[in-house]
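Trainee: Shown below is the structure under consideration.
The values are calculated or read from the model by the stated rules, or taken from the named source; none is laboratory data. Everything quoted here is computed from the prediction, not taken from an experiment. Cβ sites come from the backbone with ideal geometry, for glycine too, and all protein chains shown count toward neighbours. Heavy atoms of the whole protein, side chains included, go into the accessibility calculation; ligands, DNA and RNA do not. Shrake-Rupley method; radii C 1.70, N 1.55, O 1.52, S 1.80 Å.
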Amino acid sequence: MTKISEEHFPIQHECLERMIQNGHARRMGSVEDLYVALNRQKLYRNFSAYAELSDYCSKDQLTLALRNICLKNPTLLHIVLPTRWPDHENYYLSSEYYSHPHPEHDYISVLPELKLDGVIINEQPENGKIVRQILEEFRNSNGTYNAKIFKLTTALTIPYFGPTSPNWRLICLPEEHTDKWKKFIFVSNHCMSDGRSSIHFFHDLKAELNDIKTPPKKLDYLFKYENDYQLLRKLPEPIEKVIDFRPPYLFIPKSLLSGFIYNHLRFASRGICTRMDDMEKSDDVVAEIITISPSELQEIRTKIKSNIQGKCTLTPFLQVCWFVSLHQWGKFFKPLNFEWLTDIFIPADCRPQLPDDEEVRQMYRYGANVGFVDFTPWICESNMNDNKENFWPLIEHYHQVISGALRDNKHLHGLGLNIQGFVQKYVNIDKAMCDRAIGKARGGTLLSNVGMFKQLDSSNCNYSIKDLAFGQFQGSWHQAFSLGVCSTDVKGMNIIVASTKNVVGSQESLEELCRVYKAMLLGP
């Protein structure tokens with residue numbers, strides 16, 4: 001370990017050395033560093049997941065359940081130990097930092113200790129104003145999670161460097177009880193976490209609550225390293241040491257060529273990407289939630305099965321319906337000369353590529369273990385205002401494109417290029433990210449379908465999940481829209497649509513677009 005003086009870290013040097021020896025601290029991996037770079041450069045704030053449980057849990061139950069989850073999953077206890085602490089934020093935005101590459105990444109470690117108020121955002125004064133607005137809106141909506149609550153949540157900033165809290169928070173939404181809850185929002189800054197992690201969290205919370213058979217005693221800490229380090233699993237190795245992300249040799253020239261073509265032919269909206277701190281001065285997030293009932297969802301699945309050969313997921317259907325809806329709405333796609341292309345960016349879970357070993361897969365249950373499939377459709381192909389005969393063939397086409405990309409591990413290659421040794425050695429990743437994002441016009445769509453989660457089988461337990469929703473604002477990336485999709489067999493499908501006023505014009509305009517989209521989903 002490189003010797004670093006204590007003042008450079010929010011953790012004492014001796015404690016850090018001990019954590020490294022115990023497997024509870026290490027250098028960040030290159031994939032992990034890409035997601036931390038989004039935070040260092042203020043290009044991204046958070047994603048969030050909402051869950052409703054079948055019964056209330058007390059503060060003591062919640063504390064014990066969270067303790068058990070964290071001990072089994074030390075990733076949930078990690079923070080980044082930044083260079084130049086405590087002046088790291090200015091340093092990472094300085095010309096000094098941008099002037100050369102940084103192939104050796106910062107350390108991560110578990111927290112020395114964690115109390116309940118370190119994760120329950122209701123009790124954190126630095127977020128007090130936003131949380132009060134969230135709780136007020138929750139009361140005004142009679143205990144219903146809605147788009148206004150999601151939008152308020154997008155304004156929360158979670159420091160990646162701790163020093164007393166991890167890279168995620170939990171919002172408890174009180175109803176008739178002030179000290180018992182069954183509705184929660186999990187919020188993460190994307191550091192060693194992804195959409196699937198947030199859903200895993202609520203399934204683990206449900207399981208831990210079901211395992212509590214007697215009223216638990218009061219705990220002062222969720223975790224204290226001095227007392228608990230022997231109970232704590234080791235941090236998993238960086239995922240690139242377990243999964244091969246390397247792209248084929250032809251990937252680089254193909255990417256450069258397709259990127260050049262797309263940049264010259266892409267449709268651009270009036271929305272311009274800025275750092276998140278600057279966005280509030282010139283633009284505003286707008287959001288809407290589309291709810292598809294279980295019976296409606298089953299009808300959609302039946303239509304897909306009867307029109308598409310083989311096992312087709314909902315994702316290509318959601319994608320095609322979205323682009324067709326944008327045409328029908330008529331207020332977005334107004335391309336100028338040579339603006340012929342749009343793009344779709346689909347996050348894809350990397351965990352299926354892990355070794356078929358239950359212990360290994362458990363280690364990566366939490367983490368930023370997500371790649372992506374992206375492609376650039378012709379805008380004209382989804383213009384079906386006059387004729388919808390190409391609707392199902394287009395879904396069939398993108399079903400083949402997406403399933404083929406996943407089969408060939410193409411969702412790993414975009415990340416794989418950025419973590420190659422020669423790239424890390426010669427490119428400042430943070431600066432490259434900023435150059436690709438800041439000042440660029442918004443134009444494409446981020447479609448995150450975290451999956452279908454069956455809950456009826458566990459309805460006889462004390463605690464089961466009644467509803468799930470997932471969403472994120474795309475931050476400074478060039479996508480004009482973000483669609484977060486999550487489904488259960490209890491409440492159906494929730495689609496959280498996020499954009500900005502400069503893209504769609506107003507909140508009312510987005511609501512109008514979402515009505516068109518829902519009608520398309522239900523009646524193609």
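Trainee: Can you work out which of the residues in region 378-419 that are under 14 Å from CYS350 (Cα atoms) and out of contact with any helix residue (DSSP H, G or I) (no Cβ under 9 Å at 6 or more places or on another chain) is most open to solvent (accessible area, probe 1.4 Å)?
Mentor: Applying the filter and picking the extreme gives ARG407.
Trainee: Which one is least open to solvent (accessible area, probe 1.4 Å) among residues in region 246-281 that are assigned to a loop (DSSP other than H, G, I, E, B) and more than 29 Å from LYS410 (Cβ to Cβ)?
Mentor: Going through the qualifying residues, I end up with THR274.
Trainee: Within region 141-150, track down each residue that is open to solvent by less than 70 Å² (accessible area, probe 1.4 Å) and in a helix (DSSP H, G or I).
Mentor: ALA147, ILE149, PHE150
Trainee: Also: Looking at region 102-129, which of the residues that are open to solvent by 40 Å² or more (accessible area, probe 1.4 Å) and in a helix (DSSP H, G or I) is nearest to ILE79 (Cα to Cα)? Quick ask: steps written out before the conclusion?
Mentor: Start the filter on region 102-129 by keeping residues that are open to solvent by 40 Å² or more (accessible area, probe 1.4 Å), which leaves 102-104, 112-113, 115, 117, 122-123, 125-126, 129.
This time we only want the ones that are in a helix (DSSP H, G or I), so: 117, 122-123, 125-126, 129.
Values: ASP117: 16, ASN122: 21, GLU123: 20, PRO125: 20, GLU126: 18, LYS129: 25 Å.
Across region 102-129, the extreme among qualifying residues is ASP117.
Trainee: Might you check whether a residue that is buried (at least 20 other Cβ atoms within 10 Å of the Cβ), out of contact with any Phe, Trp or Tyr (no Cβ under 7 Å at 6 or more places or on another chain) and within 30 Å of PHE260 (Cβ to Cβ) occurs anywhere in region 354-370?
Mentor: Yes; the residues of region 354-370 include at least one that is buried (at least 20 other Cβ atoms within 10 Å of the Cβ), out of contact with any Phe, Trp or Tyr (no Cβ under 7 Å at 6 or more places or on another chain) and within 30 Å of PHE260 (Cβ to Cβ).
Trainee: May I ask you to verify whether ARG132 is at positive phi and surrounded by fewer than 22 Cβ atoms within 10 Å (Cβ to Cβ)?
Mentor: Judged against the criteria, ARG132 is not a match.
Trainee: Next question. I need a count of the residues in region 178-217 that are open to solvent by less than 30 Å² (accessible area, probe 1.4 Å), closer than 28 Å to LYS42 by Cα and not aliphatic (A, V, I, L, M).
Mentor: Adding up the residues that qualify gives 14.
Trainee: Tally up the residues in region 224-245 that are surrounded by 12 or more Cβ atoms within 10 Å (Cβ to Cβ) and not in a loop (DSSP other than H, G, I, E, B), please.
Mentor: Total meeting the criteria: 5.
Trainee: Follow-up question, since we're still on this one. If PHE138 satisfies every condition in (1) surrounded by fewer than 19 Cβ atoms within 10 Å (Cβ to Cβ); (2) out of contact with any strand residue (DSSP E or B) (no Cβ under 7 Å at 6 or more places or on another chain) but one, which is the exception?
Mentor: Just one mismatch for PHE138, condition (1).
Trainee: OK, next. Please state which one of PHE453, PHE473 is in contact (Cβ under 8 Å) with a residue 40 or more places away in the chain, in contact with a His (Cβ under 8 Å, 6 or more places away or on another chain) and not aliphatic (A, V, I, L, M). Spell out the reasoning first.
Mentor: Numbers: PHE473 fails: in contact with a His (Cβ under 8 Å, 6 or more places away or on another chain).
Just a single option satisfies the conditions, and that option is PHE453.
Trainee: Please verify whether region 334-346 includes one or more residues that are modelled with pLDDT of 95 or more, surrounded by fewer than 17 Cβ atoms within 10 Å (Cβ to Cβ) and in contact with a Lys or Arg (Cβ under 9 Å, 6 or more places away or on another chain).
Mentor: The answer is no, given that none of the residues of region 334-346 is modelled with pLDDT of 95 or more, surrounded by fewer than 17 Cβ atoms within 10 Å (Cβ to Cβ) and in contact with a Lys or Arg (Cβ under 9 Å, 6 or more places away or on another chain).
Trainee: Tell me, yes or no, whether region 451-474 has at least one residue that is small (Gly, Ala, Ser) and more than 30 Å from LYS180 (Cβ to Cβ).
Mentor: To start, the set of residues in region 451-474 that are small (Gly, Ala, Ser) comprises 451, 458-459, 464, 469, 471.
Those still in the list that are more than 30 Å from LYS180 (Cβ to Cβ) too: none.
There is no residue in region 451-474 that is small (Gly, Ala, Ser) and more than 30 Å from LYS180 (Cβ to Cβ).
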